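The values are calculated or read from the model by the stated rules, or taken from the named source; none is laboratory data. As the structure is a prediction and not an experimental result, all values here were calculated from the model. Neighbour counts are summed over all protein chains in view; Cβ atoms, including those assigned to glycine, are modelled from backbone coordinates with ideal geometry.
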Amino acid sequence: MEFAFDATFFAFVGLVLFLALIVYLKVPGMMAKSLDDRADQIRNELAEAKRLREEAQHLLAEYQRKRKEAEAEAAHIVAAAEREAEMLTAEAKKKTEEFVTNRTALSEQKIKQAEVDAIKAVRSAAVDLAIAAAETVIGKQADAKVQSELFGQAVGEVKTRLN
């Protein structure tokens, strides 16, 4: 058997030397280490992503709770404002009714006083008119002696009333 050194043999020897060099330089270990490092990095990124997701879910739950609390507080504030508005409306209505009642009573009192004043003025005018008519009638019918007697009687009456 003759062994020929052909191209196949040299390709085979080159392949064996290449593989030996790869093993000698620990390329499979470096590749495994690189792949392990990459897997660790991906694992760490996944763990970080999971942690961030959990944190985001926690924050979302907290914000939803705060939103519900804020909505409840807003509803409470609105209800309190409505109650206060109703109270203010009732108080304003009561004060308005009291004001109208007071103004009506005051107006009625002024009307009654005006009636009394008007009656007094009419009586006074009637008395003045009666006195003037009496003076005219007595002045036409009475002479100087009768007028002097009437004047004397009136003065005497005034003196008695003053004392």
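Summary table
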{"read-out": "Flag if Ala56 is within 37 Å of the chain's Cα centre (by Cα), hydrophobic (A, V, I, L, M, F, W, C), surrounded by 10 or more Cβ atoms within 10 Å (Cβ to Cβ) and modelled with pLDDT under 95", "value": "no"}
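So that you can scan it fast, the table gives a plain yes or no per residue for (1) in a helix (DSSP H, G or I); (2) touching a Pro at 6+ places or on another chain (Cβ under 8 Å); (3) surrounded by 10 or more Cβ atoms within 10 Å (Cβ to Cβ); (4) at pLDDT 80 or above:
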position	(1), (2), (3), (4)
Arg51	yes, no, yes, yes
Glu69	yes, no, yes, yes
Arg83	yes, no, yes, yes
Arg103	yes, no, yes, yes
Ala114	yes, no, yes, yes
Ala130	yes, no, yes, no
Gln147	yes, no, yes, no
Lys159	yes, no, no, no
